[in-house]
Amino acid sequence: MLLNSKGNKHRRPSKAVRIATLAGVTGAAIAVPLMGATGASAASVSTWDAVAQCESGGNWSINTGNGYYGGLQFSQSSWAAAGGTQYAARADLASKAQQIAVAEKLLDMQGPGAWSCAGAGNLSNDGVDPGVDTGSSAPKAEAAPKQESAPKQQAEPKKAERTEAPATNRSDRSTAPEAGQKKTVTTPTGEKVKKGDGEYKVVTGDSLSKIAADRHVKGGWQQLFKLNKDIVQDADMIFPGQQLHLVK
């Protein structure tokens, strides 16, 4: 644990450490009075692993709420002083490589005495570059709990609409009018007349008397005219395309 520790790892902070803690100054301000060393300091990754094993059980993301964070148990002031906030707000939010990179700077600033577990890892300024890749320098935010989106409701299949044919009192019709069928026919003179919806379709050359004879209409053409008086205005005038009823 940096600067201070609990239990049998507790050790009195060095004078330089106490000055840094009480002053609360930034890394730039404490670099000169606390470094007391010439040249860069460095330790291998295996050395830092050993220190972390002693400090935090090797848990690089640990945050127990005791004021020390990450695998190397940085205090918040030490983390900020050594430039750790360029990676994350706290050490436990940074990667292992980023924590080691910050520890290298703190080692250069304060020496092995900054860690109470320095002896457990044989931490020293051995000049070995750990060669860690810190990745992005953007601050790492605390991960927010992932919210699961509500399952989308599947649209119920549209029920087919039931269409019923209009009722009729003529039970023996052989031809029913098709949906969308025109309700009029055009005469040779361009006039539009009612088409009707009977079972017999008038063709060229037809007359009421001919149709009545060919279809054996009981009552002859007079009955045929009567059955279709809603579309036939003149017994002598029927037009191709009209549909006549042959029976009631």
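Given the conditions (1) modelled with pLDDT of 95 or more; (2) open to solvent by 20 Å² or more (accessible area, probe 1.4 Å), and given that M35 satisfies all but one, which numbered condition is not satisfied?
(1)
Just name the residue that is farthest from K194 (Cα to Cα) out of those in region 230-248 that are part of a loop (DSSP other than H, G, I, E, B) and open to solvent by 70 Å² or more (accessible area, probe 1.4 Å).
K248
With the requirement that a residue be in a helix (DSSP H, G or I) and of a type in the set (K, R), what does region 193-229 give you?
Selection gives K210, K226.
What residue, among those in region 98-145 that are surrounded by fewer than 17 Cβ atoms within 10 Å (Cβ to Cβ) and among the polar types (S, T, N, Q), is modelled with the lowest pLDDT?
S137
For region 59-72, enumerate the residues that are open to solvent by 10 Å² or more (accessible area, probe 1.4 Å) and either in a loop (DSSP other than H, G, I, E, B) or among the charged types (D, E, K, R) (or both).
Listed by number, the residues that qualify are N59, W60, S61, I62, T64, G65, N66, G67.
The values are calculated or read from the model by the stated rules, or taken from the named source; none is laboratory data. Everything numeric here is computed off the predicted structure, so don't read it as measured data. Cβ sites come from the backbone with ideal geometry, for glycine too, and all protein chains shown count toward neighbours. Accessible surface is based on the protein model in full, side chains and every heavy atom, while ligands, DNA and RNA are left aside. Shrake-Rupley method; radii C 1.70, N 1.55, O 1.52, S 1.80 Å.
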